[in-house]
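Comments concern the structure below.
The values are calculated or read from the model by the stated rules, or taken from the named source; none is laboratory data. Only a predicted model underlies this, so the values are computations on that prediction, with no experimental measurement involved. Methodologically, a virtual Cβ is constructed for each residue, glycine included, from the backbone with ideal geometry; neighbour enumeration extends over all protein chains shown.
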Amino acid sequence: MIIKQVSRIKPSEITDRDVWLRRRELIKAAAVGAGLALGGASGLAHALYTGPENHQRIAGIRETDYGRGLKPTAYRHITSYNNFYELGYGKRVPAENAEFLKTRPWTVKVSGECNKPAVVDVEDILKMDQEERVYRFRCVEAWAMVVPWVGFPLGAFLQRFEPTSRAKFVEFTTLYDPERLPGQKRNVLDWPYREGLRIDEAMHPLAFLATGLYGELLPAQNGAPLRLVVPWKYGFKSIKSIVSIRFTEQMPLNTWRRIAEDEYGFYANVNPDVPHPRWSQKRHRVLGRGLFGGKEDTQLFNGYAEEVAGLYKGMDLRKNF
Ligand code: MTE
């Protein structure tokens with residue numbers, strides 16, 4: 001995300017930096033290239049990855065048809081080009097700071113307008129049935145990737161707490177702990193990071209809570225141990241490292257809207273016809289598709305219009321951006 005206070009950085013400036021950084025990566029990749037053990041796409045990606053975390057595979061993942069035919073972005077791109085301001089500002093910094101985020105102990109408090117509020121331990125969340133879904137992911141900054149997430153549908157999880165008829169929205173909050181998330185020592189954003197969905201969006205079958213990617217537990221920089229994934233919305237809706245889920249009657253004030261409500265809305269549905277005030281949303285760059293290629297047309301609702309357009313029937317998508 002592009003933060004006003006830090007300075008008005010243009011996406012083009014960010015891209016230049018990436019090209020420079022990727023040159024370094026390519027040299028590194030070439031160096032290990034000769035010694036690769038080719039164990040399928042994810043094996044290849046892991047061999048190229050040089051991050052600090054231990055890879056922990058998730059057992060018993062159910063395969064699904066979601067995203068069949070999509071080619072996942074390499075693991076090393078998904079896990080080394082991140083937006084996670086709590087672990088630092090800059091795309092490569094969250095992976096470098098990953099070790100700060102200790103994910104045990106960890107609980108998720110579910111509260112608000114529901115009959116069965118509860119505090120759920122992360123170990124119980126990881127014991128739930130896990131499935132794999134390959135989703136497109138589109139950042140508001142006009143880059144994109146394809147991620148093989150592991151996790152479970154958000155709606156099924158929320159139903160366990162029996163939301164009442166007053167539950168019109170769901171608010172999500174990230175951990176606040178400047179020792180484990182040192183980026184919170186600086187006032188870059190209004191911590192803790194918060195996001196929200198309308199209840200029918202949260203109950204939509206595509207809305208997902210991820211515990212992993214590429215068959216392994218989420219790396220810290222991707223939002224361990226639990227993050228939201230809403231594939232038809234800009235990436236900033238997909239809040240990381242969640243500790244609280246609250247059913248509310250009022251629309252939650254999400255972090256980016258609080259910072260710049262003229263630039264970032266509540267809905268944040270991917271829409272090529274509604275430009276960001278400072279850049280077009282018509283096209284995006286796909287991570288890992290070469291230094292100069294990889295541009296694609298952006299699709300309405302990130303290609304999920306058939307599934308989700310009904311949620312916004314009769315709404316003005318320009319006003320409710
Ligand atoms: N969640 C928290 N807590 N803090 C953040 O800075 N960044 C958001 C979103 N979730 C962010 C967050 C943005 S802007 C994007 S694009 C995605 O995470 C990036 O997810 P990724 O790093 O896994 O690609």
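Contact map, the range 91-113: first residue farther than 30 Å from GLN250 by Cα, second residue among the hydrophobic types (A, V, I, L, M, F, W, C), Cβ cut-off under 6 Å, separation 6 or more or different chains; pairs are PRO94/PHE84; PRO94/LEU87; ASN97/LEU87; ALA98/ALA220; LEU101/ALA220; THR103/ALA224.
For the range 59-76, the tally of residues that are crowded, with 20+ Cβ neighbours inside 10 Å and either within 11 Å of GLU132 (Cβ to Cβ) or not β-branched (Val, Ile, Thr) (or both) stands at 4. Taking the criterion of being out of contact with any helix residue (DSSP H, G or I) (no Cβ under 6 Å at 6 or more places or on another chain), in a helix (DSSP H, G or I) and under 25 Å from ARG136 (Cα atoms), the residues of the range 212-270 that qualify are ASN222, GLY235, LYS237, THR255, ARG257. Checked against (1) within 13 Å of the ligand (Cβ to nearest atom); (2) farther than 16 Å from MET1 by Cβ, ALA156 passes all but condition (1). When the range 159-192 is limited to residues that are part of a strand (DSSP E or B) and not hydroxyl-bearing (Ser, Thr, Tyr), the one that is nearest to the ligand (Cβ to nearest atom) turns out to be PHE172. Return a yes/no flag: does the range 92-99 have any residue that is more than 13 Å from the ligand (Cβ to nearest atom) and surrounded by 17 or more Cβ atoms within 10 Å (Cβ to Cβ). The answer is no; no qualifying residue exists.
So for the range 264-271 (the condition being surrounded by fewer than 16 Cβ atoms within 10 Å (Cβ to Cβ) and on the phi > 0 side of the Ramachandran plot), does at least one residue qualify? Even if it seems obvious, please write down each step before you answer.
In the first step, residues of the range 264-271 are kept if they are surrounded by fewer than 16 Cβ atoms within 10 Å (Cβ to Cβ); the result is none.
No, the range 264-271 contains no residue that is surrounded by fewer than 16 Cβ atoms within 10 Å (Cβ to Cβ) and on the phi > 0 side of the Ramachandran plot.
Every condition in (1) in contact with a helix residue (DSSP H, G or I) (Cβ under 7 Å, 6 or more places away or on another chain); (2) in a loop (DSSP other than H, G, I, E, B) holds for GLU195 except the one numbered (2).
Considering ALA268, ALA309, the condition of being within 28 Å of MET203 (Cβ to Cβ), within 14 Å of the ligand (Cβ to nearest atom), of a type in the set (A, V, I, L, M, F, W, C) and modelled with pLDDT of 95 or more is satisfied by ALA268 alone.
Within the range 218-237, the set of residues being under 24 Å from PRO105 (Cβ atoms) and either surrounded by fewer than 22 Cβ atoms within 10 Å (Cβ to Cβ) or more than 9 Å from the chain's Cα centre (by Cα) (or both) comprises LEU218, PRO219, ALA220, GLN221, ALA224, PRO225, LEU226.
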